[in-house]
Structures are given as C-alpha cells and as structure tokens.
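Here the structure is laid out as structure tokens; the discussion comes afterwards.
Nothing in this text is a laboratory measurement; each read-out follows from the coordinates by a stated rule. All of these numbers come straight from a predicted model, not from anything done at the bench. Note that each Cβ is placed from the backbone with ideal geometry, even for glycine, and that neighbours are counted across all protein chains shown.
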C-alpha cells in the first residue's frame, strides 16, 4: 500500500492578484482563512508567501511571523507543517531572503523553500547562483529548518546531489518537482518518470503543476509519488475552458477526490512531520 498522500497547499505566491482571480488571498487574514478552509480536505503543509500593504511581493520576516504565529496559536490548525518562501524572484537581497529562517523559534517556519537553480518563466528570470543556494541551505540547517527542495528541471536535481555530497543537504530529502514551466519539466509521464528516477534514493517526492498542467500533475503525483502541491500560487483556474476562477479549498478538494478514487489516504500533519523528520510544532 502507498504511504498516505502529502498535500502541500501554496495559497498565494508572488505574482497573481485580484485582477486575475478574486480568490487569491493577499492579506494575512485572507491567507489564514484559506488555510483553515482547506485543512478539512487534507492540506497538511502550507507554503507561504507574504505581500506588503499594496499587495506587492515581500520578504518581510515580521509579516511571515504574524501568519505563522496565528497558525500555531489556534487549535484549529493543529500541527500543520509551515513552509516559508525564500524566493528572490523580485529582487530581494540575500539577507532579506534568509530573514524568515532566523525568526524566533515560536515564529520560525518548519521548512523553507530552496530553489535549486536559476530558471526562466514566461515573463522573466529567477536567478539562484550556486553560492546563494548554499548560503540559504546553510542558514536553514543552522536554524533547524528543513529545505523544501524545488526542482523545475533535471539540472536542479543534479545540483542537489552536489549539495548532498558536500554535506549541505541532509536526509530525508523532500523534493517538489514542478512541472509545466516553459523552460523545465513537462507535465507528462516521460518527464516525471525520468525526474523521479534521477532523484537521490529515499527522497520524499511531491509533484506540482503550473497553470493548466496542475490537474494532470496532481493526478500523476497522487498515483505515482508521495505527495502533491496545489494552490493558487501555481494555477488560477478550476476550468481552463471557461476560465472559472479556482479557490484554494476547491483545489485541495479536487486532490482529495482523486485520492479517494484510487483508495489512497491523505497524510495528517503529524504523519508528515514523522515522515520528514520535523520537530513537533513549537506551540501546540
């Protein structure tokens, strides 16, 4: 029997706004409300981005701290696993990107994203130099924060192996394989199979898809991998034909339906923590 499916919700991202989909949660209140609504369907991990007062992407550690504290202090959210973005896609300095993993323990995330290389999106580049990646990973290690390894192509997986040999990445390794980007892995069986075969032995594998590829990617992940990543960060529409705006709870519910159809259980936050070797939540 397959292990219970890990569902990683990425509710906000740094690009989408209400002009594209009115359901994108921008404020702390909206993000917390979406997480609360998505948990009953099975969201066990939340991948957080934050915005400033004008809705622009931000790396403000105090904005992360506010949301993390609210998720931990309420019994409603139980032991949910919290991951914070360290993206530099919008010009953040290295220190700004790392600030969230240096928060006090009660507000520090359990995990933080670590994109394993530079890549092009349709509208621009995300630059992650090798030593930038090493620095962020080292900061995570020093603060007991597990890297959420984001791989968009095979080269990123190969660089992860370099970091493992250097002792910078420590098992268990949790990989998000992101399919469907214009310059990366496609959302098809051949690309996914090759990527999964290329991963270090014993990796915990999550599969996500960008835009219209998200339904296919999450279906593949539910069948073949350890988890899936869904949410409005990556996909804004529940129906690409009619451009029906999606919602975060609705996207999680669709994953739960797929898992139910194949008889696969959804992992609880406690099961995810055990699987990934995470400490208990600082506030219970």
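As a proxy for reagent exposure, ranking 264, 229 by other Cβ atoms within 10 Å from fewest up yields 264, 229.
Give me the distance between the Cα centres of region 176-201 and region 116-156, rounded to whole Å. Between the Cα centres of region 176-201 and region 116-156 lies a distance of 16 Å. Extending 7 Å from the Cα toward the beta-carbon at both residue 242 and residue 129 defines two label points whose distance is 5.0 nm. Counting every other Cβ atom within 10 Å of each residue's Cβ, 194, 121, 64 order from fewest to most as 194, 121, 64. In this label model, residue 62 and residue 262 are separated by 4.5 nm, measuring between points 7 Å along each Cα→Cβ vector. Only helices enter the 222 nm calculation for the chain: every DSSP H run of n ≥ 4 contributes -39,500 (n - 2.57), and dividing by all residues gives -10500 deg cm²/dmol, rounded to 500.
In terms of other Cβ atoms within 10 Å, 90, 191 run from fewest to most in the order 90, 191. Considering only alpha-carbon pairs that sit under 8 angstrom and 6 or more positions apart, the relative contact order computed for the chain is 24 percent.
In the chain, the DSSP beta bridges split such that about 20 percent are antiparallel, to the nearest 5.
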